[in-house]
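Handing you a structure now.
The values are calculated or read from the model by the stated rules, or taken from the named source; none is laboratory data. Nothing here was measured: the structure is a model prediction, and the numbers come from that model. Positions of Cβ are backbone-derived with ideal geometry, glycine not excepted, and every protein chain shown enters the neighbour counts.
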Amino acid sequence: MSLQPQFGNLVPSQAQEVLNSNYLQWNNAAGANFVDFAQQYLPEVYEQEVERYGNRTLSGFLRMVGAEMPMTSDQVIWSEQNRLHIAYDNLTLAGANVINWIGTPASVINVISVGATVVVMDDFGAEVKCYVSASTPGAAGVGSITALPYTAATIAAAGLVGQVKVFVYGSEYAKGSLTPNNTAVAGAASNGYISVDPQFTQFSNSPIIIRNKYVVNGSDMAQIGWVEVATEDGTSGYLWYLKAESETRLRFEDYLEMSLVEGEIAAAGSGAIAAANGTQGLFAAVTARGNVQTGFTAAAGIDAFDAILKNLDTQGAIEENMLFLQRQTALDFDDMLASISGGYAGGTAFGLFENSEEMALNLGFSGFRRGSYDFYKTDWKYLNDASTRGAMVGPSSIEGVLIPAGTSTVYDQILGTNIRRPFLHVRYRASQGDDRRMKSWLTGSAGGAFTSDLDAMEVNFLSERCLVVQAANNFVLFKGL
């Protein structure tokens, strides 16, 4: 039946009857972008919004692993300790027993004293212990030592070839001898003792200003359209135009975290404008100063993970660590652990901690211990969400990050003392007069704002913050192949 009554042909009915003569067609424009109500009955309209993507927010990661602290400056500077012991890589064998620093970076200076005992190793497994009979501190990159082997006539006779590694393990002096005087002769062989001054490495990061705005004009504010919603921040109820403001706020809170995870410092000659100086985020800091593991898969077995542990042994060896992983990498960890689990049976691990089949059926592992390390594993939604990194594959994909738990000790330049801070923490600008951690204010002439003649309400958001990644050498970034 075709329902196309024309104006003047409609005859109101005295009762609520569904008739051809009293049907009011709301839309008869072909192809118009309106809902077509040319049906026998009006449609049933659902008030409640369908949450088809579940909880869409991505923030919370930094709150789990770090802390937020105020600061007042344009830059945060911290200093990290260098290694305690004296060691050098990629030194050159010159002559029978001479090891020199030629070709090493200019920042590498010989500080090995006469009388020191050293271990000399090459890349092929050969090593020999030596007594240092002469040392030339020299300028950067041109020092040398004469190392006399304890068990061979020369270093070459001990089987060492190519470039060598040298580290000091002690010293030896004759009976009744004095510690040699400190040498003041640079670039010449000396029997003097070289005093080693402690060095530290200084790092810094600068905050960025993050802004966003939501605008609704005064006319639309008068058009009330209620929608029942349940938002990601835990609130629920009926909203109209402020539903969009609520989502703007949630999106901005995600930006506060995403900016500190993805941030990059503008490099010299880059295309960034002068106002875009950037800030060093988590991924950039770990890539520059930490460890990058490429292509971790369960197929490689526990040996691949043990290689990561061996590398951590050469760093700070933090006992407790957290693994934040995307879905596939988390499953790879589960498969790897299940394959060596005592309760492993046909691809299933029984029990939460004790692998007891009677306890409960558990197909995943939330925590495990390997060697002297404890690991707590969890999914990181940011790496799974299709609107962020969840849709990325290949070499550019980030598949997880290992973050040490607890705190580290750093030297505070302003306080002039050592302080303890979480390995990962946020610094935001704040003073007694202005707290820029998370600012929100209204402007315009609608919705309770009376600041201008703009016939709209503007909801403004602002924050100024940066991320501090201390001791990044203890972090591991998992990347795809």
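Hey, any hits in the stretch 196-205 for a residue that's in a loop (DSSP other than H, G, I, E, B), outside the structural domain of S171 (by TED's automatic domain parsing), modelled with pLDDT of 85 or more and of a type in the set (S, T, Y)?
No, because not a single residue in the stretch 196-205 is in a loop (DSSP other than H, G, I, E, B), outside the structural domain of S171 (by TED's automatic domain parsing), modelled with pLDDT of 85 or more and of a type in the set (S, T, Y).
Additional query: Hey, any hits in the stretch 313-330 for a residue that's at pLDDT below 85, part of a loop (DSSP other than H, G, I, E, B), in contact with a Phe, Trp or Tyr (Cβ under 7 Å, 6 or more places away or on another chain) and surrounded by 15 or more Cβ atoms within 10 Å (Cβ to Cβ)?
no
Mind telling me which of the residues V459, V426 ends up being part of a strand (DSSP E or B) and modelled with pLDDT of 90 or more?
One residue alone meets the criteria, V426.
So the check is Cβ under 6 Å with 6+ separation or different chains; which pairs have a first residue in the stretch 246-271 that's assigned by TED's automatic domain parsing to the domain that holds I403 and a second one that's part of a helix (DSSP H, G or I)?
Matching pairs, first to second residue: E257/L62; V261/L282; E264/A284.
Let me ask you something else. What number of residues in the stretch 96-127 are within 29 Å of S177 (Cβ to Cβ) and in a loop (DSSP other than H, G, I, E, B)?
Of the residues in the stretch 96-127, the ones within 29 Å of S177 (Cβ to Cβ) are 96-101, 109-121, 127.
Subset that is in a loop (DSSP other than H, G, I, E, B): 96-97, 101, 109-115.
Total satisfying the criteria: 10.
Search the stretch 206-228 for residues being among the polar types (S, T, N, Q) and part of a loop (DSSP other than H, G, I, E, B), and hand back the single one that is modelled with the highest pLDDT.
S206
Closer than 26 Å to M64 by Cα and not small (G, A, S): is that true of E464 in this structure?
It is true that E464 is closer than 26 Å to M64 by Cα and not small (G, A, S).
Those residues that are closer than 18 Å to F296 by Cα, part of a helix (DSSP H, G or I) and of a type outside the set (A, V, I, L, M, F, W, C), I need them from the stretch 365-404; list them, please.
R389, G390
I want to confirm something. Restricting to the stretch 144-164 and keeping residues that are part of a loop (DSSP other than H, G, I, E, B) and under 39 Å from the mean Cα position of the chain (by Cα), which single residue is nearest to L91 (Cα to Cα)?
Q163
Residue-wise test of (1) touching a Ser or Thr at 6+ places or on another chain (Cβ under 9 Å); (2) surrounded by fewer than 19 Cβ atoms within 10 Å (Cβ to Cβ); (3) touching a residue at least 60 places away in the same chain (Cβ under 8 Å).
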{"site": "F283", "(1), (2), (3)": "no, no, yes"}
{"site": "V292", "(1), (2), (3)": "no, yes, yes"}
{"site": "F296", "(1), (2), (3)": "yes, no, yes"}
{"site": "L309", "(1), (2), (3)": "yes, yes, yes"}
